[in-house]
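Student: Structure below; questions to follow.
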Amino acid sequence: MEHVIYSPSTPLKQFVTCFWMITGGDTGRKERILPNGTSELLINLCEDEIRTYDPSQPERVKRLSGAVVAGTYSRALICDARQHRSMLGVHFRPGGALPFLGTPATALSDAHVSLDDLWGSRARALREQLCEATTARERFQLMEKALLDHAYPVPSRYSAIQAALRLFGPFGTGNSSRAVAQELGISQRQFIDVFARQVGLTPKLLCRILRFKQARILAEKVEGQNGEEPVRDWAQIAIASGYCDQSHLIRDFENLSGLSPSEYIRELQPMRDPKHNRVPPHMKLGQIPEFLAARDLQDT
């Protein structure tokens, strides 16, 4: 499997973390994807279809066009990993998708939406251009131009939302929503409304997802001795992630992943990379698998 990352230039970099492309990722299995508070634009370059599944009804498939927008999710979903045979994605920063989609992020929450519904026939034309391109660099440049061509005016409160995200911290354990609203000089109700429209989640839910993500990272880093399965101190992981106790961590595992902590770890075992003994993170459909050795085009 080859994975390439491209860092966009100004002005896109304030809205987009990176572009990425995966080739040769056909594993023939379904994978559980967990929420992480961001949106993604996904284009399947191998077949003109993207498939998702509800964990509660994994036999039922939702079929969309080969170019979709994945909104911010507050629950787990299942994806068909065979779609990673050739896929290109745009990984937006929290709240960064709004200027390019022309619709409030709340309208895309907990959903995958065909790009055709947002961009019309231009979405299909873009996918055809990307499929015809022969190099990753050429595809990234086409994607970069398409975003710039479709950009709407930047929301007036975008900089304030980015400041709020910094105040919440990377794990959602910083300032409270009330304190952030006071720092920004607006009412708490107004702050929650503006935040949700741009990010797709309420501040409280985003911080909960970030805290849950940190707990998963800490749990996956625990190593066993002499090749044995490691023993995880979930109470300690809970405290280190900002939870008041283990029971709150367990509740988030069950609500956000559909699994208990022990079930989550067992599900990860078959997905370990045997070469590096690292666990691929559960991210939204197509999101960056950090366990791969990425090749950054900006550095070549």
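Student: Taking Met87 and the conditions (1) closer than 16 Å to Glu47 by Cβ; (2) part of a helix (DSSP H, G or I), which numbered condition does it fall short on, given that it satisfies the others?
Tutor: (2)
Student: Separate question: Looking only at residues that are modelled with pLDDT under 90 and in a helix (DSSP H, G or I) in segment 192-229, which one is farthest from the chain's Cα centre (by Cα)?
Tutor: Per the stated criteria, the residue is Lys221.
Student: From (1) in a strand (DSSP E or B); (2) surrounded by fewer than 20 Cβ atoms within 10 Å (Cβ to Cβ), pick out the condition that doesn't hold for Lys13.
Tutor: Exception for Lys13: condition (1).
Student: Select, from Asp117, Asp110, the only residue that is of a type in the set (Asp, Glu), part of a helix (DSSP H, G or I) and surrounded by fewer than 17 Cβ atoms within 10 Å (Cβ to Cβ). Please lay out each step first, then the result.
Tutor: On the way: Asp110 fails: part of a helix (DSSP H, G or I).
After ruling out the rest, the residue left standing is Asp117.
Student: Here's a follow-up. Tell me which residues, restricted to segment 141-191, are of a type in the set (Gly, Ala, Ser), farther than 21 Å from Ile209 by Cβ and in a helix (DSSP H, G or I).
Tutor: Selection gives Ala146, Ser159.
Student: Follow-up question, since we're still on this one. Just to be sure I understand the filter: pairs with C-beta atoms under 6 Å, separated by 6 or more residues or on different chains, first member in segment 1-15 and closer than 24 Å to Arg85 by Cβ, second member among the small types (Gly, Ala, Ser). Which pairs pass?
Tutor: If the second residue must be among the small types (Gly, Ala, Ser), the pairs left are Met1/Gly24; Met1/Gly25; Glu2/Gly24; His3/Ala294; Val4/Ala136; Ile5/Ala294.
Student: Separate question: Give the residues of segment 152-175 that are small (Gly, Ala, Ser) and either out of contact with any Ser or Thr (no Cβ under 9 Å at 6 or more places or on another chain) or at pLDDT below 95 (or both), sorted by residue number.
Tutor: Within segment 152-175, Ser156, Ser159, Ala160, Ala163, Gly169, Gly172, Gly174 qualify.
Student: Let me ask you something else. Determine whether segment 47-65 contains at least one residue that is in a loop (DSSP other than H, G, I, E, B), surrounded by fewer than 20 Cβ atoms within 10 Å (Cβ to Cβ) and basic (Lys, Arg).
Tutor: Looking through segment 47-65, none of the residues is in a loop (DSSP other than H, G, I, E, B), surrounded by fewer than 20 Cβ atoms within 10 Å (Cβ to Cβ) and basic (Lys, Arg).
Student: Does Ser86 qualify as being in contact with a helix residue (DSSP H, G or I) (Cβ under 6 Å, 6 or more places away or on another chain), among the hydroxyl-bearing types (Ser, Thr, Tyr) and surrounded by fewer than 22 Cβ atoms within 10 Å (Cβ to Cβ)?
Tutor: For Ser86, the condition - in contact with a helix residue (DSSP H, G or I) (Cβ under 6 Å, 6 or more places away or on another chain), among the hydroxyl-bearing types (Ser, Thr, Tyr) and surrounded by fewer than 22 Cβ atoms within 10 Å (Cβ to Cβ) - is not met.
Student: Being within 25 Å of Tyr264 (Cα to Cα), at pLDDT 90 or above and not aromatic (Phe, Trp, Tyr): is that true of Ser74 here? Don't jump to the end; show me each part of the working.
Tutor: Working: within 25 Å of Tyr264 (Cα to Cα): yes; at pLDDT 90 or above: yes; not aromatic (Phe, Trp, Tyr): yes.
So Ser74 passes the test.
Student: Okay, next question. Among the listed residues Arg82, Arg60, Arg51, Arg29, which satisfies the condition of being more than 16 Å from the chain's Cα centre (by Cα), free of Cβ contacts under 8 Å to residues at least 12 places away in the same chain, outside the structural domain of Gly169 (by TED's automatic domain parsing) and within 30 Å of Ser260 (Cα to Cα)?
Tutor: Just one listed residue meets the conditions, Arg60.
The values are calculated or read from the model by the stated rules, or taken from the named source; none is laboratory data. Every value quoted in this text rests on a predicted model; they were computed, and no experiment measured them. Because the Cβ atoms are built from the backbone with ideal geometry, glycine has one as well, and the counts that use them run over all protein chains shown.
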